[in-house]
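Asks: One structure, pasted below without further comment.
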Amino acid sequence: MPFEHHKDALIEAAATGVEPESELRAHLESCDSCRAAFAEEQALFASIDAGLHVKVNADVPVSLLPRVRARLDEAGAPRNSWITSGFVLAAAAVVVVAFFAARSVRRTNVGNEPGETSVKTGIPPVTPPSQKQTAVVISPVGKNSNSPRQFNSVKNSAATEASVRRNNEPEVLVPRDQEVLLAAYAEQWSRHKRAPLLAQDSDATILAQLRIAPIQIDELGVKLLAEEK
Amino acid sequence: MQEMVLIQAGGMARGESVGEAVEADVRREFEARLAECGPLAYRVARGVLRNTADAEDVAQEALLRAYRYFDRLRDRNRFRSWLVRIAFRLALDRLRSRKRSEVRDTLWSQPEHRPPAATAEDLAASNEFQTHLDRALEELPEKLRLVLLLAALEGHTIEEIAGMVGISTGTVKSRIFYARKQLAEKLRCHSNTIKTR
């Protein structure tokens, strides 16, 4: 069939609306059936376009915009998504900042433990197991202790935490080279509950040596001038 | 420990007034676009749906939704394309739900309750073609359908459609071509054309 041979070209020409190519145009001039088919295809596409145009470009109901405005008034303000999202972001930021702040504080404490002295009240020091500990924990021995010179000097171990937890006395974390001196100080403190080298203990001896004697003034002798002659 | 007291009486009033001013600005800005783009939303919905009442409902819903999320739209110049997509999507949803309800109605309704057929012969023929066109449109892929409807709207160039849909002008042209071709294939059997050849 001659039409089947040109069918696709005819449909394409009708769909695009452009003029058929010269070969097809020559065929259309000589073939009545193809010319009629091409005209029908053009009519079909024209009716599709017209139908779409009618369908899409219908008159807009006059009630549309007033009804939309009325519903807008009922609906009120648009949803402020930036407020809710802002709150969420702010809360998330606070959580993140708090987390990193707590982490940095903890790291600082752990990093400073070997070099500085800190006083703790019942809570054992937390250190990573791999870290070499050069500080020791000293706790003054209570009055009910059997040994008067007993003091706890333990290195970082599991026993440290257990013993420290049992002992409610204040603890001092000291450098290793000051261990003996400060242990003696702690022992003396636990015995007398006072510092051994306070100024008030030395007042009697030191201040006595420094005492200044009162000024000595001889009595004045008064004689008459005539008698002297 | 120092006691902290937060007093915000003046700040609250100031905040409310600022909020009201922002709200009024948004409403004013939206109103300016409403007059221009409201008909567009209706026409897009009408292109998808078969009756004007559904199209009006969908257009209202699309405009309300656009207002509700207006502050999320960073580039306000994109409002038209944004609204077109909202209206198109809502119209498709409405069409699907209507189809489901039509199936239920067909199963349960009595024949005497159906609307009477049109009397005028030419009107019947026109309505028949339009019905077939509607059905053929519904069977088109969504991306082809949207571009074809926008192309059928008055006063929209290929460049404007490309901007609204977010594709190139070449893609717009090819989609229009394939959409019309598919429609013609579906409608050919309903017209006195080359179906018998």
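The values are calculated or read from the model by the stated rules, or taken from the named source; none is laboratory data. Just so we're clear, the structure is a prediction, and the values are computed from it rather than from any experiment. FYI the Cβ positions are ideal-geometry reconstructions off the backbone, even for glycines, and counts take in every protein chain you see.
Asks: Could you give every pair whose Cβ atoms fall below 8 Å, whose first residue belongs to region A:182-199 and is modelled with pLDDT under 75 and outside any loop (DSSP other than H, G, I, E, B), and whose second residue is among the basic types (Lys, Arg) and surrounded by fewer than 17 Cβ atoms within 10 Å (Cβ to Cβ), counting only separations of at least 6 or pairs across chains?
Replies: A:Ser190/A:Lys143
Asks: Scanning region B:44-60 for residues that are more than 9 Å from chain A (Cβ to nearest Cβ) and crowded, with 21+ Cβ neighbours inside 10 Å, which turns out farthest from the chain's Cα centre (by Cα)?
Replies: The extreme case among them is B:Leu49.
A quick yes/no check of all residues on (1) out of contact with any helix residue (DSSP H, G or I) (no Cβ under 7 Å at 6 or more places or on another chain); (2) aliphatic (A, V, I, L, M):
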{"residue": "A:His6", "(1), (2)": "no, no"}
{"residue": "A:Glu21", "(1), (2)": "yes, no"}
{"residue": "A:Arg25", "(1), (2)": "yes, no"}
{"residue": "A:Ser30", "(1), (2)": "yes, no"}
{"residue": "A:Ala37", "(1), (2)": "no, yes"}
{"residue": "A:Val60", "(1), (2)": "no, yes"}
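Asks: Within region A:44-75, which residues are over 26 Å from B:Glu185 (Cβ atoms), within 7 Å of another protein chain (Cβ to nearest Cβ) and part of a helix (DSSP H, G or I)?
Replies: The answer is A:Leu64, A:Leu65, A:Arg67, A:Val68, A:Arg71, A:Leu72, A:Ala75.
Asks: Of all residues in region B:144-163, count the ones that are within 14 Å of chain A (Cβ to nearest Cβ) and within 13 Å of B:Arg85 (Cβ to Cβ).
Replies: 6
Asks: Would you pick out the residues in region B:141-192 that are not β-branched (Val, Ile, Thr) and not in a helix (DSSP H, G or I)?
Replies: So the first thing to find is which residues in region B:141-192 are not β-branched (Val, Ile, Thr), and the list is B:141-146, B:148-156, B:159-160, B:162-164, B:166, B:168, B:170, B:173-175, B:177-192.
The answer is B:Pro141, B:Leu153, B:Glu154, B:Gly155, B:His156, B:Gly166, B:Ser168, B:Cys189, B:His190, B:Ser191, B:Asn192.
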